[in-house]
Amino acid sequence: MTTLLDVRDLTVRFGQTRAVDGISFTLDEGETLGLVGESGCGKSTAALALMGLLEAARLDGSASFGGRDLLALDEARMRSIRGAELAMIFQDPATALHPLIRVGDQVAEVLRTHLGSNRREATARALDLFRKVGIAAPEVRLRAYPHEMSGGMCQRVMIAAAIACSPRLLLADEPTTALDVTVQAQILGLLRDLSREFGMAMILITHDLGVVAGMTDRVAVMYAGRIVEAAPTGALFAAPAHPYTVGLLGSVPRLDAGWDDDLATIPGSVQTAADASGCRFAPRCARASNACRTEPALIPTGEGRAVACWHPA
Amino acid sequence: MRRYVAARLGQAAVLLLGVSVIGFALMHLAPGGPLALYTLNPTVTAQDIERVKHLFGLDQPVYVQYVKWVYGFLSGHWGYSFFGGRSVAPIVLERIPATLELMGSSLLLALAMGVAIGIWAAVRRNTLVDYGTATVAMLALSLPTFWFGLLAIYVFAQVLGWLPAGGIETTGNGSLIDRLTHLLLPMLVLALVLTAQWSRYTRSAMIDILTQDYIRTARAKGLGPVRVLVGHGLRAALVPLVTLAGLQLPLLVGGALVTETVFSWPGMGLLFISALDNRDYPVLMAILMVGALFVVLGNLAADIAVALIDPRIRLSHV
Ligand SMILES: Nc1ncnc2c1ncn2[C@@H]1O[C@H](COP(=O)(O)OP(=O)(O)OP(=O)(O)O)[C@@H](O)[C@H]1O
Ligand SMILES: [Mg+2]
């Protein structure tokens, strides 16, 4: 397996806040990585940084993608990669599609931009893509507007546009969060099938560990802008090492109750406070000790696993 | 759609009726009248005035005059000018092309410039470009059109002598160049206020739109900046902008009236002012109705255009 993406010390600053704080990970060709963490931990920011879609942010580190550093490319080079080799789909398919443009045209426009297809070729190919992503009556749907379609259908359209140029990597940012449970399963199944069929690598972003089970090869767990644990999916579920992962998996009842309330109130301050005093999860961690005042690094523990904790489970 | 248009036209008819009642009433309530001037003339006797009043039908009660006017207007007899005695319809209708030329060219210019400036300011928001265009726009909006008109005449006609001070063409020289040089100043003056409005409106619409998810999607697809800003951004802004165009029509008509007066532009506005001076009731009413019809139909056209642009809007009910 060759490495497709090698992210090193990716840091994203909005003014003084570090939304992403030095994360590193690699991804092989065709591999699927789950990026998991609660709301506000920097998952979307990391993905948008790789896409070069963040404005008013300061980026540091490097992200080598097929030999080029995504963070160092100029806008014109980046534009030729975006939507072609590196594609992204978003959380809310209803708002991610342009409300006044026919969905078929929204897919065809990718082909016309990157492959220089003419209108007829692009429409014919869009029809193929609609079939591929399982849209019923694709000939009719090509001419539909987003408001005439369900959320699941809209997400299929987004996926069709994303895979139009057979990208090597698809960033899927909470692609099923806005959808019904049954539709969620269908969309996840579709993504898995497509990534297998085309050997397309994928980063599946979610706050729900349940989603990554059976979907991904590996999982990276983020907390407050950092990766706190990374492991093969099966191993992570079998034996989570970081107390936060343990909490996410719901195996510690104590973390259930005040969980959301805590998160809602802390976000901004948690990072600056943690900057001074070591492990960011310590204030909410049952295992915290004096050692946790020093920030733990993400240390490999063998078998493709790594954890950033002084007291791993 | 057809039912919608029919219903809207029905509404328009009621509206125009209201406009005519109010216009007619105001005209007759105003002190003085078409014959006021003659009462000061010692050679005109009281009998003469009575005779003329009777001739024009001004001795009848106002409501009788109104009903007669409505009947005449609807059957195509718009009456005769009190001054000169010409039939009103051709007097008014022959002025329409000049007014349309001025309003149309100003509107197109204002649209092009206002939208371009608005997009520019939105993309560069909170920079010098944004503040600069905002200041100029506020200036243009807060100073009256006639002031800009007089300033333009002073600078470009009087001091520099580059352009004519008024009129639509040099008598005896109707060449295209001549007409364009005459059009330039009034067009720019009328376009100024409209451009200022359009630029501010486009800016706020675009700032809102540029934060939308579908713009991020467009960029994620690798589309170029023009495609993103115009193909996706401006396209979404068309709905509020076309709505604004409809709402702006009265402003355009009012602005054209002032501009025509300042530049002696021989359109309906100039005719209106002189008819107002003369209390030429039939001419005033005809201009009022043509102007109101223009605004009402323009609004209807804007609403239909919005429905054509935005597939989510259905024109099935009123
Ligand atoms: N444009 C921005 N300007 C300033 N701060 C931002 C900006 N975008 C994101 N942030 C901050 O960065 C942090 C990470 O946000 P991000 O959207 O990446 O989180 P997330 O993990 O994707 O969360 P969610 O599950 O809600 O999508 C948050 O604290 C957020 O407030
Ligand atoms: Mg997010």
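Where a number appears in this text, it was derived from the coordinates with a stated rule and is not lab data. The structure presented is a predicted model; accordingly, all values stated were derived computationally and were not measured. Cβ sites come from the backbone with ideal geometry, for glycine too, and all protein chains shown count toward neighbours.
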Could you tell me how many degrees, from 0 to 90 and to the nearest 10, lie between the Cα long axis of helix B:128-142 and the main elongation axis, the longest principal axis, of the Cα atoms of chain B?
10 degrees
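Mind checking the dipole of chain A: about its Cα centre, +1 per Lys or Arg Cβ, -1 per Asp or Glu Cβ, Debye to the nearest 20?
400 debye
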Gaussian network model of chain B, Cα within-10 Å springs - most flexible of B:241, B:257, B:58
B:58
Of all DSSP beta bridges in chain A, what percent run antiparallel (nearest 5)?
60 percent
If I take every Cα pair under 8 Å that is 6 or more residues apart in chain B, average their sequence separation and divide by the length, what percent do I get for the relative contact order?
27 percent
Among A:242, A:147, A:207, which one shows the highest mean-square fluctuation when chain A is modelled as a Gaussian network with alpha-carbon springs under 10 Å?
A:147
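Give the shape of region B:81-156 as rounded, prolate or oblate, defined through the alpha-carbon gyration tensor: a ≥ b ≥ c are the square roots of its eigenvalues, a/c under 1.5 means rounded, and otherwise the shape is prolate if a/b is larger than b/c and oblate if not.
It comes out prolate by the Cα gyration axes.
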The alpha-carbon pair-distance distribution computed for region B:64-203, with 10 angstrom bins and whole-percent values, is 11, 27, 25, 22, 12, 4, 0
Enter the angle in degrees (range 0 to 90, nearest 10) between the Cα long axis of helix A:103-114 and the first principal axis of the Cα atoms of chain A, meaning the one along which they spread out most.
80 degrees
Taking the alpha-carbon distance from residue A:132 and a cut-off under 19 Å, which aspartates and glutamates remain once sequence neighbours fewer than 8 residues away in the same chain are dropped?
A:85, A:105, A:109, A:121, A:193, A:197
The ³J(HN,Hα) series, computed from each phi in region B:41-52 with the Karplus coefficients 6.51, -1.76 and 1.60 at θ = phi - 60°, rounded to the nearest Hz and given as x for glycine or proline, is 8, x, 7, 9, 8, 4, 4, 4, 4, 4, 5, 5
With labels modelled as points extended 7 Å from the Cα through the Cβ direction, what inter-label distance (nm, one decimal) is found for residue B:264 paired with residue A:105?
5.0 nm
Helix-only mean residue ellipticity at 222 nm, chain B, DSSP H runs n ≥ 4 weighted -39,500 (n - 2.57), per residue, nearest 500. What is it?
-23500 deg cm²/dmol
By what distance, in whole Å, do the Cα atoms of region A:73-159 stretch along each of the three principal axes, largest value first?
39, 30, 23
Excluding same-chain residues fewer than 8 positions from residue B:53, which lysines have a Cα within less than 23 Å of its Cα?
B:68
In whole Å, largest first, what are the principal axis extents of the Cα atoms in chain B?
84, 57, 35
Once phi is turned into ³J(HN,Hα) by the Karplus curve 6.51 cos²θ - 1.76 cosθ + 1.60 with θ = phi - 60°, what whole-Hz value does each residue of region B:97-108 show in order, with x for glycine and proline?
x, 4, 5, 5, 4, 5, 5, x, 5, 5, 5, 4
Quick one: putting +1 on the C-beta of Lys and Arg, -1 on the C-beta of Asp and Glu, what dipole do you get for the protein assembly as shown around its Cα centre, in Debye to the nearest 20?
700 debye
Just in region A:111-196: which trypsin sites (Lys or Arg not before Pro) are loop by DSSP and have at most 12 other Cβ atoms within 10 Å?
A:143
Chain A: angle of helix A:181-198 to the longest principal axis, Cα-based, in degrees nearest 10:
80 degrees
In nm, to one decimal, how far is the residue B:7 label point from the residue B:127 one, both placed 7 Å along Cα→Cβ?
4.7 nm
Under the Karplus relation with 6.51, -1.76 and 1.60 and θ = phi - 60°, whole-Hz ³J(HN,Hα) for region B:285-295, x at Gly and Pro, equal 4, 4, 5, 4, 5, 4, x, 5, 4, 4, 5
Taking amide H atoms as placed 1.01 Å from N in the peptide plane, list the residues 5 or more away in sequence, or in a different chain, whose amide H sits under 5 Å from that of residue A:227.
A:24
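If R0 is 51 Å, what FRET efficiency do you get for residue B:180 and residue B:46 from their C-beta distance, rounded to 0.05?
It comes to 0.45.
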Gyration tensor verdict on chain A (Cα atoms; rounded if a/c is under 1.5, prolate if a/b is larger than b/c, oblate otherwise):
prolate
Ranked by GNM mean-square fluctuation in chain B (Cα springs under 10 Å), the top entry among B:230, B:92, B:19 is B:230
Antiparallel %, DSSP beta bridges [both residues in the protein assembly as shown], to 5:
60 percent
Non-local residues with an amide H under 5 Å from the amide H of residue A:202, with H modelled 1.01 Å from N and Pro and chain starts lacking one, are A:31, A:32, A:33, A:170
How large are Rg and Dmax for the protein assembly as shown when calculated on the C-alpha trace, in angstrom?
34.7, 119
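For region B:2-93, what does the alpha-carbon gyration tensor say about shape, rounded, prolate or oblate, given a ≥ b ≥ c as the root eigenvalues, a/c under 1.5 as rounded, and a/b over b/c as prolate?
Since a/c reaches 1.5 and a/b is larger than b/c, the shape of region B:2-93 is classed as prolate.
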Counting Lys and Arg as +1 and Asp and Glu as -1, each charge on the Cβ, what is the dipole of region B:2-93 about the Cα centre in debye, to the nearest 20?
560 debye
Amide H neighbours of residue B:265 under 5 Å, at least 5 residues apart or on other chains, H built in the peptide plane: list them.
B:167
Put +1 on the Cβ of each Lys and Arg and -1 on the Cβ of each Asp and Glu in chain A; which of A:130, A:309, A:37 then has its Cα farthest toward the positive end of the dipole?
A:130
Taking GluC sites (Glu not before Pro) as candidate sites, keep only those in a DSSP loop with at most 10 other Cβ atoms within 10 Å, then name the longest stretch of chain A containing none of them.
A:56-302
Euclidean distance between Cα centres, region A:69-133 to region A:152-208, Å:
14 Å
